[in-house]
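Peer 1: Quick one: the structure is below, and I'll ask about it shortly.
The values are calculated or read from the model by the stated rules, or taken from the named source; none is laboratory data. For clarity, every value in this text was computed on a predicted model and none was experimentally measured. Cβ placement follows ideal geometry from the backbone for every residue including glycine, while neighbour counts extend to all protein chains displayed. Ligands, DNA and RNA are excluded from the accessible area calculation, which covers all protein heavy atoms including side chains. Shrake-Rupley method; radii C 1.70, N 1.55, O 1.52, S 1.80 Å.
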Amino acid sequence: MKQATPAAVDVAEFVARRSVGQSLEAPFYVSQEFFDLDIEAVFARHWLFVATDAELPEPGDYVTVAIGPYSIIVVRDDNEDVRAFHNVCRHRGARILGEERGTVGNIVCGYHQWTYGVDGKLLHAPSQAPDFAPSCFSLRSVHARTVAGLVYICLSQTPPEDFDEVAAQAEPYLAPHNLAKAKVAAQIDLVENGNWKLTMENNRECYHCGGHPELLCAYFPTYGYGEQNLPAVLRPTYERYLQADAAVRLTYDSLGLPYTLVEELDTRTTGFRIQREPLDGAGESYTSDGKAACKRLLADFPTARLGRLAFHTQPNAWFHLMADHAITFSAIPLGPDRTLVRTTWLVHADAVEGIDYDLDTLTKVWAATNEQDALFVARAQQGVSSPAYVPGPYAPSEEDVEAFANWYVTRLRAYLSDTERQR
Ligand code: FES
């Protein structure tokens, strides 16, 4: 029997009727139409965190990043600046670099050997006509910039202008951790069987943190709860948090480290949140006892007891920076129900594995937490894929999930309205 073709999802209709205060309707999470829209309206138009300076320590070091149908080369040039280019040859369009990372002198297309410098300029194209002008065939550039060691790219030719303001606000918090001089101790790629928005929503709340026993050794699971919404079971933890917070603020003040919450998750084009907070236990790091995982601190801090600096950027990243190490996370959509979560652990460039840090101790908490989150996301994907799914209400502690959804829908509306205007 011939199968009925599924009706195309009317994305504009679903975007227009989205209800605030509750989770999104199923097509946002499961349909190819929304996946395609998300790539064009969100990932191709906003600043994305894709790598760290530490992954590109020398000129010629590169990573390639796949965003939907796009492939981007992120490379350090001979002036030691980070540049980004579409990974598409200017001859007949072949994908130039096929590896995820590596080091090149020049960027050479393996098809007919067109050769580009790491500044994107075409240096050599064999056997061309005499009037061929190499200067007309540089690689197409992609906007790239670093913020205190974090590499962001934007595929749009007119990137959101407010990124400068966000960077200016975030850099004083981030810069003391010296990430531009750090090295990669570990990196784990995890493919979650869920839509990228479920990955992000899961990250933006701690309502589910009871499922993270390793994390709770160091993390105060009071994130998102105000005094009035705090469940009784978290009251002792909250009291401990308040004491730790008062103590660590004295340290922040004495060291001149900014710590005040800045939260603009859904009130600007480049939504972000940043805050310095205490950690539980010894208060130093994400370990089973809260003690530093790396003896060599990231910077010349007089103490390791600095808690964590939490930085979130829409649409796809979150970060934890401690005194001894930092962890970066990026979420990249692979399909309607698949998302790459890349986690990178950074330590001081001179820290030595086996002497200053043990890799298992360094990565244990977040490697386990990521695996647990992957299961939560997969369960959520399975649930929203059922015809029985209807959107449910956000709890008060899920305000950052709602802020993410608000930001996301606002960006879709802006894109749909722009494309409508251009018709
Ligand atoms: Fe790259 Fe021909 S397509 S050199």
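Peer 1: Is there a residue in region 130-141 that is in contact with a strand residue (DSSP E or B) (Cβ under 8 Å, 6 or more places away or on another chain) and away from the ligand (no atom under 16 Å from the Cβ)?
Peer 2: Checking region 130-141: at least one residue is in contact with a strand residue (DSSP E or B) (Cβ under 8 Å, 6 or more places away or on another chain) and away from the ligand (no atom under 16 Å from the Cβ).
Peer 1: How many residues does region 301-316 contain that are crowded, with 23+ Cβ neighbours inside 10 Å and outside any loop (DSSP other than H, G, I, E, B)? Write out each step before concluding.
Peer 2: Initial filter on region 301-316 (crowded, with 23+ Cβ neighbours inside 10 Å): 306-309, 311, 313-316.
The next check asks that each one be outside any loop (DSSP other than H, G, I, E, B); those that pass are 308-309, 311, 313.
Residues meeting the conditions: 4.
Peer 1: Continuing with the same structure: Please go through region 260-295 and pick out each residue that is outside any loop (DSSP other than H, G, I, E, B) and open to solvent by less than 40 Å² (accessible area, probe 1.4 Å).
Peer 2: Within region 260-295, Val262, Phe272, Arg273, Ile274, Gln275, Arg276, Glu277, Cys294 meet the criteria.
Peer 1: Of the residues Ala331, Ala374, Ala349, which single one is open to solvent by 20 Å² or more (accessible area, probe 1.4 Å) and of a type outside the set (Lys, Arg)?
Peer 2: Numbers: Ala331 fails: open to solvent by 20 Å² or more (accessible area, probe 1.4 Å); Ala374 fails: open to solvent by 20 Å² or more (accessible area, probe 1.4 Å).
Exactly one residue qualifies, and that residue is Ala349.
Peer 1: Let me ask something else. Return only the number of the condition from (1) closer than 30 Å to Ala41 by Cβ; (2) within 15 Å of the ligand (Cβ to nearest atom); (3) surrounded by fewer than 17 Cβ atoms within 10 Å (Cβ to Cβ) that Gly110 does not satisfy.
Peer 2: Failed condition: (1).
Peer 1: To continue, here is another question. Quick one: would you say Leu298 is at pLDDT 95 or above, open to solvent by less than 10 Å² (accessible area, probe 1.4 Å) and either in a loop (DSSP other than H, G, I, E, B) or β-branched (Val, Ile, Thr) (or both)?
Peer 2: Numbers: at pLDDT 95 or above: yes; open to solvent by less than 10 Å² (accessible area, probe 1.4 Å): yes; either in a loop (DSSP other than H, G, I, E, B) or β-branched (Val, Ile, Thr) (or both): yes.
It is true that Leu298 is at pLDDT 95 or above, open to solvent by less than 10 Å² (accessible area, probe 1.4 Å) and either in a loop (DSSP other than H, G, I, E, B) or β-branched (Val, Ile, Thr) (or both).
Peer 1: So, one more: Which of the strands (runs of 3 or more DSSP E) found entirely inside region 317-413 contain at least 2 residues meeting this: modelled with pLDDT of 95 or more and more than 22 Å from Gly211 (Cα to Cα)? Break it down stepwise before answering.
Peer 2: Values: elements: 317-321, 326-335, 338-348.
So the answer is 326-335, 338-348.
Peer 1: Something else: For Ala54, are the conditions met, namely being within 11 Å of Val151 (Cα to Cα), in contact with a Lys or Arg (Cβ under 6 Å, 6 or more places away or on another chain) and not β-branched (Val, Ile, Thr)?
Peer 2: On the way: within 11 Å of Val151 (Cα to Cα): yes; in contact with a Lys or Arg (Cβ under 6 Å, 6 or more places away or on another chain): yes; not β-branched (Val, Ile, Thr): yes.
Answer is yes for this residue.
Peer 1: Suppose the filter is buried (at least 17 other Cβ atoms within 10 Å of the Cβ) and under 29 Å from Val147 (Cβ atoms); does Ala368 pass it? Break it down stepwise before answering.
Peer 2: On the way: buried (at least 17 other Cβ atoms within 10 Å of the Cβ): no; under 29 Å from Val147 (Cβ atoms): yes.
No.
Peer 1: Residues to consider are Arg90, Arg45; find the one that is open to solvent by 60 Å² or more (accessible area, probe 1.4 Å), within 16 Å of the ligand (Cβ to nearest atom), more than 23 Å from Gly149 (Cβ to Cβ) and not in a strand (DSSP E or B). Even if it seems obvious, please write down each step before you answer.
Peer 2: Values: Arg45 fails: within 16 Å of the ligand (Cβ to nearest atom).
Only one candidate qualifies: Arg90.
Peer 1: In addition: What strands (runs of 3 or more DSSP E) lie completely within region 116-228 and have 3 or more residues being open to solvent by 60 Å² or more (accessible area, probe 1.4 Å)? So that I can check it myself, show each step before the final result.
Peer 2: Values: elements: 122-124, 141-147, 150-154, 182-192.
Per the criteria, 141-147, 182-192.
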